[in-house]
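The values are calculated or read from the model by the stated rules, or taken from the named source; none is laboratory data. What you see is a predicted model; the values in this text were computed from it and never measured. Virtual Cβ from ideal backbone geometry, glycine too; neighbours counted across all protein chains shown.
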Ligand SMILES: Nc1ncnc2c1ncn2[C@@H]1O[C@H](COP(=O)(O)OP(=O)(O)OP(=O)(O)O)[C@@H](O)[C@H]1O
């Protein structure tokens, strides 16, 4: 349903960041985008949401199509109206506004008659937000702010939800909760593109996955295939398959030796 073909993007005139990236989001699925720092994950989401220009970047070639529309030609507000909605990077909430007011802002593009149903859905998903609806967003905990950022995006009734590292800076238990929320949102019918450095959580939640390396898709497959791949284990899962949070020193086997031995596999899969 969302289809990215041969996408090349950059910042300024010389820096190329995404290098011929292809990605398809199948209906009803969660797609995880993994990659280390600077691999281009946020740049990919910015390209989809039309916000690359706000960061001094641009799409140089390739296309992003959604339900017959060429998203790569649309301004950010038009991308949102088309149903592709990004939860803000770095969980930017409006700190001086209440939880309720933040959600109201998220619902501005939603027809008035449906806003209260969207709000009810968000409050059902995040009981903590319901309890704190009159609290200023700036006083929420990090996890609650992340929930509010996701809730705000849901207020726009996304047909595809884009999430940029929702686990960033959160404790393991909260990361699990965020993963479960992503699953619930998806089960309620919303496809999700989930950019994550926490590969263990992302691969638990996703159906399909890609790993970006220096702006290129280095590995792609089902989430199960990636979770079982030695290269992925060594590079992104701390060498242990990602069933926990990587805090067991005995299992934290992402050694230099493993990284060296797994590199050729990655290179072989690189376009
Ligand atoms: N506004 C910008 N102007 C110039 N270069 C940028 C800009 N934003 C990102 N970059 C560069 O683009 C590359 C990819 O960055 P991006 O933020 O997309 O990576 P990422 O995979 O999301 O990394 P992280 O996990 O650290 O956020 C990096 O080399 C980064 O320095």
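Scanning segment 47-70 for residues that are assigned to a helix (DSSP H, G or I) and free of Cβ contacts under 8 Å to residues at least 24 places away in the same chain gives 53, 54.
Residue-wise test of (1) crowded, with 21+ Cβ neighbours inside 10 Å; (2) at pLDDT 90 or above.
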position: 209; (1), (2): yes, yes
position: 219; (1), (2): yes, yes
position: 232; (1), (2): yes, yes
position: 236; (1), (2): yes, no
position: 240; (1), (2): no, no
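Residues of segment 1-18 that are within 11 Å of the ligand (Cβ to nearest atom) and within 10 Å of residue 216 (Cα to Cα): 17, 18. If you go through segment 165-197 and keep only what is without any contact (Cβ under 8 Å) to a residue 60 or more places away in the chain and either part of a helix (DSSP H, G or I) or exposed (fewer than 15 other Cβ atoms within 10 Å of the Cβ) (or both), you end up with 169, 171, 173, 174, 176, 177, 178, 179, 180, 181, 184, 187. Within segment 22-42, residues that are in contact (Cβ under 8 Å) with a residue 12 or more places away in the chain and farther than 16 Å from residue 163 by Cβ sit with their Cβ atoms under 9 Å from residues that are in a loop (DSSP other than H, G, I, E, B) and within 6 Å of the ligand (Cβ to nearest atom), at 6+ positions apart or across chains, in these pairs: 36/197; 37/197. Do we have residue 149 as touching a strand residue (DSSP E or B) at 6+ places or on another chain (Cβ under 6 Å) and either under 23 Å from residue 66 (Cβ atoms) or not in a helix (DSSP H, G or I) (or both) here? Against the criterion (touching a strand residue (DSSP E or B) at 6+ places or on another chain (Cβ under 6 Å) and either under 23 Å from residue 66 (Cβ atoms) or not in a helix (DSSP H, G or I) (or both)), residue 149 does not qualify.
Could you count how many residues in segment 26-38 are at pLDDT 95 or above and within 23 Å of residue 168 (Cα to Cα)? The total comes to 6.
Tell me which of these residue 110 doesn't satisfy, since it passes every other one: (1) over 20 Å from the mean Cα position of the chain (by Cα); (2) in contact (Cβ under 8 Å) with a residue 12 or more places away in the chain; (3) farther than 21 Å from residue 50 by Cβ. Of the numbered conditions (1) over 20 Å from the mean Cα position of the chain (by Cα); (2) in contact (Cβ under 8 Å) with a residue 12 or more places away in the chain; (3) farther than 21 Å from residue 50 by Cβ, the odd one out for residue 110 is (3). What do you reckon, is residue 201 part of a helix (DSSP H, G or I), in contact with a helix residue (DSSP H, G or I) (Cβ under 8 Å, 6 or more places away or on another chain) and surrounded by 23 or more Cβ atoms within 10 Å (Cβ to Cβ)? So residue 201 fits the description; yes.
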